[in-house]
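Enquirer: Following this message is one structure expressed as C-alpha cells.
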Amino acid sequence: MIRHSRITLLLLLLRSCCISGCPSQCQCFLGSKVMCSVDQIFLPVTLSAQARELIIITSGLQSIPPNSFETSPQLTKLAIISNPLIPRSISPLAFSGLTALKELEISGNPHLESVDHAMFDKLDNLTRLFLNNNQLLIVEKGLFDKLLKLEVLEVRGNAFIWLPNLLFHNLQNLQSLDLSINKITSVEASLLSGLNQLQSLKLGYNQIMSLPLDLFKHVPGLKQLSLQSNSISKLSEGLFTSLTKLEELNIRDNALTYVEAGTFPSSLKELNLQGNQLTSLSLGNLSLLTDLVLSKNSLSYLPSNLFENITSLERLDLSENQLLSLPITLFSGLSKIISIHLHKNNLTSLEADLFQDQEAIERLTLSDNQLNNLPQGFFDPFLETRNVMSLRGNPWHCDCNFTYLYEWLEFGSFLVEDVSQTYCKGPATLRGQSLMSVERDQLVCSYNSSTSKPVFADSLQSLDKENSPQDQTNQCSMQKNNGVYSVKCTVTKCSNIKIEAHIYGPDGRTTDYEWSETSQCVKGTITVNV
C-alpha cells in the first residue's frame, strides 16, 4: 500500500495537467515536457514559457500551417510522430521562430510524400533531424543546406530511389547519416561530398548494385559503415582505401562471390559478410579484427593461411556453408578466439590438432554436419576451459572406434548443448539411441565370419574353415578398452575353428596370432585379448 502511494505521489509530481499553462488536451511532465495524443488537435498549441519539449503523437494532425510554433520560441525539441499529414500539408514557414530548436522529428506519417526545400532554412541551431518511416518519394536539393550545425540525420524507411548530387555538402559537422530501408538503386560519387566529420553511415536495405570507386574518399573519418541487404556483387579494388579509421563494416546479404586480399582496410575490428554467395576469399592483413562473420555463403574450401594475419580474432562464424574439411593449420595462432561456429556444413572428419591453439575458447558448434566420430585427443585443448559445444545432428557411429568420445562424455557431457538429443546413427542396433544412454559394452565392431578381404586399423577378420557365404550364424566382434583389443567370436555349428589375427602396427610391422581348436557341437563364445 505504501509503495503504491509513493508511485501515485511521484506521478502527481511529474504530471501537472491543467496547471502552469499545460494545454487541456495534452499532458505535461516536470513542467518542461508536453505530450499531446488526442484524436483531433489543431495548431498552434499554447504552451507555458517553461515548456522545452513538445511531442505530438497519433493525434489526427493533418497539416502544419505557417508560424505554428511562433509563440513557443523556447522549444529545444519537437516531435511529430504517426500523424495523417497529407501531401504538401507542411508549410515552408511551419517552423519559423523556433530559433532554439536542436532536435526535430517528423516520422511515421504514411501519406507524407515530400517536404519543401526551404522548410528547415530558419532552424540554424538544429543538431538532430529525423525524417523516418514516411513515404518520401523525393528529397529536394538544398533541403539541408542551411543546417550547418547538424550532427545526426536519419531519413530511413521512405520510398525514394535516388538522391541528388551535393545533397549534404554543407553538413560539415554531420557525424551520423542513416539512409537505410529506402529504394535507392544507385549513388553518385559526390553524394558524400563535404561530410568530413562523418563517423557512421548506413545504406543498408536498399537496392544498390554497385558503388563508385571514389564514393568514400570524402569521409576519411568513417568508423561504421553498413551496406547490408543490397545487391552488391563486386567490391572494386581500392574502394575502401581512404577509410583508414573504419572499425565496423557490414556487407551481409548481398551478392558477393569472391573477396580479394587487400579489399578491406587494416583498421577493421568487425566484418560481417554473412548471406552472400562467396565461394572463395582472401582477407589479407586484418590484425585488429575481433569479429568475423562468414556464415550462409557457398564456401566449400578454405585455404590453410586464411586467418594467419588475423591473430586478434575472438569470434568467428563459418556456419551454414558447404565445408567438407578443414586444414589442420586453419586456426593456428588464433589464441584469443572465444567462439567458433561450424554448424550446418558438410564436415565428415576433423583433425585431432585442429584446435590446439584455442585454449580460451568458450563456444564451439559442430552440430548438423556429417561427423561420425572425433579423433583421439580432439578435446585436449578444451580441458581447462568452461566451454559449451553442440554435437547434435551428426551421424555418430557408436562402435568400437567411438570409445574416445564416449569416455570424454562421461565427465564432459555438461559442456555439450542438448547432449540428450544427440543420437547414434549406427550401427543398426544403436540407431536412434542417445549418446548418453549407450553402455560401454555396446561399443563393438561386428563382422560376419564369411568376410574374406583383409580389414585394417581397428578392424578384424574372422575366418571359418568352410567359408560358406550362406552361413550367417558365426559372428565376431571387437572392442577396444584402454588400448586392449578384445575379440569375441560366437560359433553355433560343429566345425573346426581357426582364428587368425594380423595386427598392423604404426611402424608398419605386422604381428600374427593364430589359434585353432576342434569345437564341440554346442554354442559358445571365444574371446582373444590382444
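Bear in mind that the values in this text are calculations on the coordinates, not laboratory data. Quick caveat: nothing in here was measured; it's all calculated off a predicted structure. Glycine also receives a Cβ, built like all others from the backbone with ideal geometry; neighbour counts cover every protein chain displayed.
Enquirer: Students often get this wrong, so check it: of K77/K269; K102/K183; K102/K245; K146/K245; K183/K234; K245/K344, which have C-alpha atoms separated by over 25 Å?
Expert: K77/K269; K102/K183; K102/K245; K146/K245; K245/K344
Enquirer: Show me the ranking of peptides 291-299, 84-92 by mean Cβ neighbours inside 10 Å, starting with the highest.
Expert: 291-299, 84-92
Enquirer: Then there's this: Answer rounded, prolate or oblate for the range 155-268, using the Cα gyration tensor with square roots of eigenvalues a ≥ b ≥ c: rounded when a/c is under 1.5, else prolate when a/b is larger than b/c, else oblate.
Expert: Cα axes put the range 155-268 in the oblate bin.
Enquirer: Taking 0.36 nm per intervening residue step and subtracting the Cα-Cα distance, what contour gain separates Q322 from M209 on full extension?
Expert: Extra length from Q322 to M209 when fully extended: 38.1 nm.
Enquirer: Something else: Tell me, what HN-Hα J-couplings in whole Hz come from the Karplus equation 6.51 cos²θ - 1.76 cosθ + 1.60 at θ = phi - 60° for each residue of the range 156-169, using x for Gly and Pro?
Expert: 3J(HN,Hα) across the range 156-169, in whole Hz: 9, x, 10, 10, 7, 10, 8, 10, x, 4, 6, 4, 10, 5.
Enquirer: Subtracting the Cα-Cα distance from 0.36 nm times the residue separation, let me have the gained length for T71 to E53 in nm, one decimal.
Expert: Using 0.36 nm per residue and subtracting the Cα-Cα distance, I get 5.1 nm.
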